[in-house]
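Written out below as structure tokens is the structure these notes cover.
The values are calculated or read from the model by the stated rules, or taken from the named source; none is laboratory data. Note that the structure is predicted; figures quoted are calculated from it, not measured. Methodologically, a virtual Cβ is constructed for each residue, glycine included, from the backbone with ideal geometry; neighbour enumeration extends over all protein chains shown. Calculation scope for accessible area: heavy atoms of the full protein, side chains included, ligands and nucleic acids excluded. Shrake-Rupley method; radii C 1.70, N 1.55, O 1.52, S 1.80 Å.
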Amino acid sequence: TFPVVVQAFKGDDLIDSVKCPAPDLIKIDVEGFEINVLKGLRGTLERDHPTIIFEHSLSRLKEVDRPVNEVVVFLNSIGYNVLRLDDLSPVSNDDLNKRADFLAKKIA
């Protein structure tokens, strides 16, 4: 195994510098690091409210020692409802204790 160095940018920085437009839809699949991606887009999320689709992987969250409800709490705090992608029902504590795909939309 060997380390790989990758250059990373905050989504807000790219959007604010006009290097890319604000998205209408964001799909996130980063194996337990969703909160990092979302926090890097906080300004865009609060300003433009794009719809978000993300994977919730319980085993990965445990591996990186993150609370299972961290992403949902963060999204709720900035005005998003989080729903199960399969049937668009509200996310329950039960859903947070298994692997699932979620949809986040601005609270109407």
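Out of Ile53, Ile78, I need the residue that is β-branched (Val, Ile, Thr) and under 12 Å from Lys106 (Cα atoms). Which one?
Selected residue: Ile78, the only one of Ile53, Ile78 that is β-branched (Val, Ile, Thr) and under 12 Å from Lys106 (Cα atoms).
Give the residue that is farthest from Gly11 (Cα to Cα), with candidates limited to residues of the range 78-108 that are open to solvent by 80 Å² or more (accessible area, probe 1.4 Å) and part of a helix (DSSP H, G or I).
The extreme case among them is Asp94.
Of the conditions (1) β-branched (Val, Ile, Thr); (2) under 16 Å from the mean Cα position of the chain (by Cα); (3) surrounded by 17 or more Cβ atoms within 10 Å (Cβ to Cβ), Ile53 fails just one. Which one is it?
Going through (1) β-branched (Val, Ile, Thr); (2) under 16 Å from the mean Cα position of the chain (by Cα); (3) surrounded by 17 or more Cβ atoms within 10 Å (Cβ to Cβ) one by one, Ile53 breaks only (3).
Select from the range 15-39 the residues that are open to solvent by less than 100 Å² (accessible area, probe 1.4 Å), assigned to a loop (DSSP other than H, G, I, E, B) and over 27 Å from Lys98 (Cβ atoms) and list them in ascending order.
Ser17, Cys20, Ala22, Pro23
Go through (1) at pLDDT 95 or above; (2) touching an Asp or Glu at 6+ places or on another chain (Cβ under 9 Å) one by one and return the number of the condition Val73 breaks.
(2)
Of all the residues that make up the range 41-58, how many are outside any helix (DSSP H, G or I) and over 14 Å from Leu25 (Cα atoms)?
Total satisfying the criteria: 3.
Just to check your reading of the model, which residue among Arg47, Arg42, Arg66 is at pLDDT 95 or above, touching a helix residue (DSSP H, G or I) at 6+ places or on another chain (Cβ under 7 Å) and surrounded by fewer than 17 Cβ atoms within 10 Å (Cβ to Cβ)?
Result: Arg42 is the single residue among Arg47, Arg42, Arg66 that is at pLDDT 95 or above, touching a helix residue (DSSP H, G or I) at 6+ places or on another chain (Cβ under 7 Å) and surrounded by fewer than 17 Cβ atoms within 10 Å (Cβ to Cβ).
So the check is Cβ under 8 Å with 6+ separation or different chains; which pairs have a first residue in the range 25-52 that's on the phi > 0 side of the Ramachandran plot and a second one that's crowded, with 18+ Cβ neighbours inside 10 Å and in a helix (DSSP H, G or I)?
Gly32/Leu61
Kindly list the number of the only condition in (1) outside any strand (DSSP E or B); (2) in contact with an Asp or Glu (Cβ under 9 Å, 6 or more places away or on another chain) that fails for Asp12.
(2)
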